[in-house]
1. Looking for whichever is more than 18 Å from the chain's Cα centre (by Cα), on the phi < 0 side of the Ramachandran plot and within 15 Å of the ligand (Cβ to nearest atom) here; the options are GLU68, GLU90. Which one fits?
2. Just one of (1) at negative phi; (2) under 14 Å from the mean Cα position of the chain (by Cα) trips up GLU111, so point out which.
3. Report yes if some residue within the stretch 2-19 is surrounded by fewer than 19 Cβ atoms within 10 Å (Cβ to Cβ), away from the ligand (no atom under 15 Å from the Cβ), assigned to a strand (DSSP E or B) and modelled with pLDDT under 95; otherwise report no.
4. For the condition hydroxyl-bearing (Ser, Thr, Tyr), within 10 Å of the ligand (Cβ to nearest atom) and in contact (Cβ under 8 Å) with a residue 24 or more places away in the chain, what is the one hit in SER187, SER207?
5. Do you know which residues across the stretch 134-184 are among the β-branched types (Val, Ile, Thr) and either within 13 Å of the ligand (Cβ to nearest atom) or under 20 Å from THR12 (Cβ atoms) (or both)?
6. Of the residues VAL62, VAL81, only one is within 16 Å of the ligand (Cβ to nearest atom), out of contact with any His (no Cβ under 6 Å at 6 or more places or on another chain) and closer than 27 Å to VAL180 by Cβ; which?
7. Keeping to the stretch 115-136, report how many residues are surrounded by 19 or more Cβ atoms within 10 Å (Cβ to Cβ) and out of contact with any Cys (no Cβ under 7 Å at 6 or more places or on another chain).
8. Please tell me if LEU208 is surrounded by 15 or more Cβ atoms within 10 Å (Cβ to Cβ), under 14 Å from the mean Cα position of the chain (by Cα) and of a type in the set (A, V, I, L, M, F, W, C).
Amino acid sequence: MRRPLVKVCGMTQLQQVQALAALGVNYAGFIFYPPSPRYVGNKIEPGALKQLEGIKKAGVFVNATMQEVKDAVVAYGLDTVQLHGDETPEYCGALKGAATIVKVFRITGNEDVAHITAPYTAVADAFLFDTKAQEYGGTGKKFDWSGLQHAGLEHPYFLSGGIGPQDIDQLRSFLKNNNVYALDLNSKFETAPGIKDMKLLEAFMGSLGG
Ligand SMILES: O=C(O)c1ccccc1NCC(=O)[C@H](O)[C@H](O)COP(=O)(O)O
């Protein structure tokens, strides 16, 4: 089993982003969606984040204008944009080249995943599967992963939605049979929205192994 990459989302403190890089976490996620309790807003100075090396920076957007996304890519030095709303394949295609594109699908696990993702294969560098709920993300809820198993996807994808420290055994068995590009962690590793529990993350990285 190849160990998947790891993304920790909803970062609001520069010092915690530096600590993630030291732990070997591959991506830090920043929420550019004002209604979220994890909205990065003016909590991190754009120039300081732009200079930070050793970890990829993913901006999370929900139905933002293309100009807002492009401005944030430049200001914060984002490598990746995670499109978490109802963005069309045309919208994703028009952003291609500005950053790596991750298109999110919010699912229950009962959908025909191959069918709903097909129009995005050419325009998204990777997919991210999160749990369908009233809120857009950071819900702490899981979907039925077996829906992905049956889809037999070849496109790289992030597995997301309510993954927590207690899921390590279930993850190990899922990862054995599924080619997951990266795991996306968020609210199950927090002491408060936007504040991560670094001890929990360190232990989880240790359990995942190298
Ligand atoms: O985290 C948020 O507050 C958020 C709000 C609006 C859109 C996306 C958001 N998070 C994006 C993520 O990539 C989360 O990591 C993902 O939703 C999983 O979160 P969780 O279920 O808490 O593990």
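The values are calculated or read from the model by the stated rules, or taken from the named source; none is laboratory data. What you see is a predicted model, and the numbers here were worked out from it, not measured in a lab. Here Cβ is always computed from backbone atoms with ideal geometry, including for glycine, and neighbour counts include all displayed protein chains.
1. Matching residue, one of GLU68, GLU90: GLU68.
2. Exception for GLU111: condition (2).
3. Within the stretch 2-19, none of the residues are surrounded by fewer than 19 Cβ atoms within 10 Å (Cβ to Cβ), away from the ligand (no atom under 15 Å from the Cβ), assigned to a strand (DSSP E or B) and modelled with pLDDT under 95.
4. SER187 is the lone residue from the list that is hydroxyl-bearing (Ser, Thr, Tyr), within 10 Å of the ligand (Cβ to nearest atom) and in contact (Cβ under 8 Å) with a residue 24 or more places away in the chain.
5. Of everything in the stretch 134-184, those that are among the β-branched types (Val, Ile, Thr) and either within 13 Å of the ligand (Cβ to nearest atom) or under 20 Å from THR12 (Cβ atoms) (or both) turn out to be THR139, ILE163.
6. Unique residue meeting the criteria: VAL81.
7. 7
8. No: the conditions fail for LEU208.
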